[in-house]
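Data first, discussion second: the structure below is written as structure tokens.
The values are calculated or read from the model by the stated rules, or taken from the named source; none is laboratory data. All values derive from a computational prediction rather than experimental measurement. In this analysis, Cβ positions are derived from the backbone assuming ideal geometry, glycine residues included, and neighbour counts consider all displayed protein chains. Just the protein is used for accessible areas: all its heavy atoms, side chains included, with ligands, DNA and RNA removed. Shrake-Rupley method; radii C 1.70, N 1.55, O 1.52, S 1.80 Å.
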Amino acid sequence: MTTAEAGLRPQSGTAPRVSLMVEEDTVVVQGAPVAHIRNNPDVCFVAPMPARVARISLLQGHKVSEIVFFHEPDGDVVSHDTTDVKTEPGLRRLMQRSGFWTWLRRRPFGGMPSADERPAAIVVMAADTRPFAPDPRLALEGREEALCRGLTALRLLTDGPVFLCQEAGAALIESTEARRIRVIDTGPRHPQAAAGLCIHRYYPAGIDTPVWDLHAEDVAALGTLLATGRLPMKRLVSVGGPALRESRLVRAQAGADLRGLTHRHVLPGPHKLLSGSVLDGHPAHWLAPRHRQVTVLPRDTLPKRPHWLIAALTQSASPKPVIPTAALDQAFAGTLPAANFLRVLSAGDDETAMKMGVLSLLEEDIALADYVLGGEAHLPELLRGMLDRIRTEFSA
């Protein structure tokens, strides 16, 4: 389905400086460039559907906040020239001008890679173990050829390996392709298919050895772009949560309006919409660039405050101790020494954390550990603070 409104936003935690290519009230076709990175004009943000540009919001310094679109029915789709895509410069140019580049994510630190970055390895995730996540195999049904074409193209961008991480079962690509791509089977329980933990296990990221990760459905979209010149904008999205009448799967465009995806499916009463899963999602209006889940939760209208004596006994200014448990070990899928890593993270010991593998991780990778600790350890905030310090002090 195509929602009546859509919002284009950068990846979480980033606000790149852009130059606008359209004005408000301009009618654009799907895939039309609407802004480009100021110091890399080839890297474009594009319209996710045929639309009228309703609102452009910029932060100080021409940093993009969001661009809002109103759907225009019967619109066209941009077609790109694909004659030079068998060379690395030609492939990069196509990926950047078509808007595909904005779907890539780098480790360490997160965010979109620079236009000329060459990764040490690329990890393609064809598994997702988050609660109620859509099965990537369903998203890839009938698109196996496009997936193989996209995987083969990615090999031009790196001298290192391209990993395809899939849940155990039938191979997603043919054996002839599997000899050129490293296929990894992940476990069925979360977070065994968390991208950061897979990267740490098979090819740890470093300051001078960045690793990219992206979803297998996006790689299939790249394969379609290479074959047809048109980049598919829709992805399989799971819409679920306790405040819904029933869960469902839809194909929605990037940046889809969460209200449009849940309209007439929400139970009576106040609720809140999350882009992402219940573990790592956040309240939002639009589907985030890399998210494939929408979670609808009931909103407590009158939150209860604990009695002052209970609050005094249970809350402390000092952090609570991390107690090693089987659940905590499972929250890192046995990839990291959980208790030791969390102590290092809490202490802000950047150098030790780098040795333990923190550069492969982002906030979503430790969301389950934060949940196991009751959400009071604030692990994602600690991780982001540490990554920002490392970026400033070690990668200048």
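Of note:
- Whenever a residue of the range 87-115 is touching a residue at least 12 places away in the same chain (Cβ under 8 Å), its partners that are of a type in the set (Asp, Glu) and part of a helix (DSSP H, G or I), lying with C-beta atoms within less than 9 angstrom and at least six residues away or across chains, give the pairs Phe100/Asp218; Trp103/Asp218; Leu104/Asp218; Phe109/Asp388; Gly110/Glu363.
- Test: residue in the range 350-367 that is charged (D, E, K, R), surrounded by 13 or more Cβ atoms within 10 Å (Cβ to Cβ), in contact (Cβ under 8 Å) with a residue 40 or more places away in the chain and in contact with a Ser or Thr (Cβ under 9 Å, 6 or more places away or on another chain): yes
- Residue within the range 23-36 that is in contact with a Cys (Cβ under 6 Å, 6 or more places away or on another chain), under 21 Å from Thr228 (Cβ atoms), open to solvent by less than 50 Å² (accessible area, probe 1.4 Å) and in contact (Cβ under 8 Å) with a residue 12 or more places away in the chain present: yes
- Residues within the range 356-396 that are in contact with a helix residue (DSSP H, G or I) (Cβ under 9 Å, 6 or more places away or on another chain), of a type outside the set (A, V, I, L, M), in a helix (DSSP H, G or I) and over 20 Å from Thr129 (Cα atoms), tallied: 5
- Subset of the range 86-109 (residues that are open to solvent by less than 20 Å² (accessible area, probe 1.4 Å), in a loop (DSSP other than H, G, I, E, B) and either modelled with pLDDT under 95 or of a type outside the set (Gly, Ala, Ser) (or both)): Leu104, Pro108, Phe109
- Considering the conditions (1) closer than 21 Å to Pro188 by Cα; (2) touching a residue at least 24 places away in the same chain (Cβ under 8 Å), Gly334 is excluded by exactly one of them, (2).
- With a requirement of 1 or more residues that are surrounded by fewer than 18 Cβ atoms within 10 Å (Cβ to Cβ), the strands (runs of 3 or more DSSP E) lying completely within the range 132-232 that satisfy it span 182-186.
- Of all residues making up the range 234-258, the number that are of a type outside the set (Ser, Thr, Tyr), outside any strand (DSSP E or B) and touching a Ser or Thr at 6+ places or on another chain (Cβ under 8 Å): 2
- The set of residues in the range 368-396 that are surrounded by fewer than 21 Cβ atoms within 10 Å (Cβ to Cβ) and under 13 Å from Leu279 (Cα atoms) comprises Tyr371, Val372, Leu373, Gly374, Gly375, His378, Pro380.
- Single residue of the range 110-131 satisfying the filter (β-branched (Val, Ile, Thr) and surrounded by 20 or more Cβ atoms within 10 Å (Cβ to Cβ)) that is nearest to Pro289 (Cα to Cα): Val124
- Which listed residue, of Thr262, Thr314, Thr295, is at pLDDT below 85 and of a type in the set (S, T, N, Q): Thr314
- Looking only at the range 49-75, and only at residues there that are in contact (Cβ under 8 Å) with a residue 12 or more places away in the chain, part of a loop (DSSP other than H, G, I, E, B) and open to solvent by 10 Å² or more (accessible area, probe 1.4 Å), the one that is farthest from Leu287 (Cα to Cα): Gly61
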